[in-house]
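Read through the structure below, which is laid out as structure tokens, and then see the notes.
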There are 2 protein chains.
Amino acid sequence: MADLSPRMLANVADYFKVLSEVSRLQILCELRTGGKNVSEIMQATGMGQANLSKHLKVLTQAGIVSRQPRGVNVFYEITDPVCLEICEIVCQQLIAQISQQYQQWQGIHSLGEAPQKAL
Amino acid sequence: MADLSPRMLANVADYFKVLSEVSRLQILCELRTGGKNVSEIMQATGMGQANLSKHLKVLTQAGIVSRQPRGVNVFYEITDPVCLEICEIVCQQLIAQISQQYQQWQGIHSLGEAPQKAL
DNA sequence: TAACTATATAACCATTTAGTTATATAATCA
DNA sequence: TGATTATATAACTAAATGGTTATATAGTTA
């Protein structure tokens, strides 16, 4: 954290809040491989139309995706690669946590028992 | 995002949710330079005692900080450097966004006007 | 053991927000 | 222009959550 002003902390918190909903992460997952219009995202995620529209608005206002009307459709695209970057980092961190917990569990249960069995 | 299972998405969302509150970011800021006990964090942040205790529980359960009772006091410490790493990345991203917006604004307002004045 | 201090928890309130339903807007086509 | 389709918005409900106050717990000291 380069800047520690309350203002900056609030902005960082807001950014994380946008990424703290499964529905919005789903949308970003679908857009990873390229932009899509609303109907395509709706079909891919199975979300309701109004709900999807609201989440897309949140992502757009956060500057994470861009909105481009194209005739009848509206095309959304990820404009902030950082969001995917930090998702990736968090994924790896969570996997590391779980792996670490398992190793601790294994260590506890191998005391005096047959440790090779678990492998 | 390496894994895209709904389970993993939910875990990622939960991780971001922990970081999506100013109070918890404040706590992490205070712990950046080293562990502190509750009283020290309370004084540094000005948070209420019960409120602080709840936030520390959330951070602990997320595996981001560790809890170590030491006599009467309880010592908290960051155990997950990834949380600071991604905060830093988001900070830089937000600064880049604002800088970019300013340059766009500047571009618009320099059309036909004296562009050097703004500098 | 009693008093004191540090921390955690319970109960409560107010606010926020995700999802749904219904409606509005805007573009296309007949 | 009217009908149709795609997207956005308004209104509402239910659930989650941050902050506060009061109380409980646990370690320390007299």
Practice prompt. Keeping to the stretch A:50-65, report how many residues are in contact with a Phe, Trp or Tyr (Cβ under 8 Å, 6 or more places away or on another chain) and without any contact (Cβ under 8 Å) to a residue 24 or more places away in the chain.
Written response: 1
Discussion item. Going by what's in this entry, would A:Arg67 be described as in contact with a Leu (Cβ under 7 Å, 6 or more places away or on another chain) and of a type outside the set (A, V, I, L, M)?
Written reply: no
Worksheet item: List the pairs whose first member sits in the stretch A:67-95 and is over 17 Å from B:Pro6 (Cα atoms) and of a type in the set (Lys, Arg), whose second member is outside any strand (DSSP E or B) and within 16 Å of DNA strand C (Cβ to nearest atom), and whose Cβ atoms are under 6 Å apart, counting only residues at least 6 apart or on separate chains?
Response: A:Arg67/A:Thr60
Discussion item. Just checking, does the stretch A:104-118 include any residue being surrounded by 14 or more Cβ atoms within 10 Å (Cβ to Cβ), modelled with pLDDT under 95 and in a helix (DSSP H, G or I)?
Written reply: no
Worksheet entry | Every residue from the stretch B:7-41 that is touching a helix residue (DSSP H, G or I) at 6+ places or on another chain (Cβ under 7 Å), within 7 Å of chain A (Cβ to nearest Cβ) and part of a helix (DSSP H, G or I) | B:Met8, B:Leu9, B:Ala10, B:Asn11, B:Val12, B:Ala13, B:Tyr15, B:Phe16, B:Val22, B:Leu25, B:Gln26
Response to the item:
In the stretch B:4-40, anything touching a Phe, Trp or Tyr at 6+ places or on another chain (Cβ under 7 Å) and of a type in the set (S, T, N, Q) is listed as B:Ser20, B:Asn37
Worksheet item: Taking the stretch A:7-36 only, how many residues are within 11 Å of DNA strand D (Cβ to nearest atom) and polar (S, T, N, Q)?
Response: 1
Worksheet item: Quick check, is A:Asn73 over 30 Å from B:Glu85 (Cα atoms), surrounded by fewer than 14 Cβ atoms within 10 Å (Cβ to Cβ) and within 16 Å of DNA strand C (Cβ to nearest atom)?
Response: yes
Discussion item. Tally up the residues in the stretch A:37-56 that are within 9 Å of DNA strand D (Cβ to nearest atom) and either surrounded by 14 or more Cβ atoms within 10 Å (Cβ to Cβ) or under 20 Å from A:Thr79 (Cβ atoms) (or both), please.
Written reply: 9
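The values are calculated or read from the model by the stated rules, or taken from the named source; none is laboratory data. Quick caveat, the model's predicted, so the values are computed rather than measured. Every residue, glycine among them, receives a Cβ derived from its backbone with ideal geometry; neighbour counts consider all protein chains shown.
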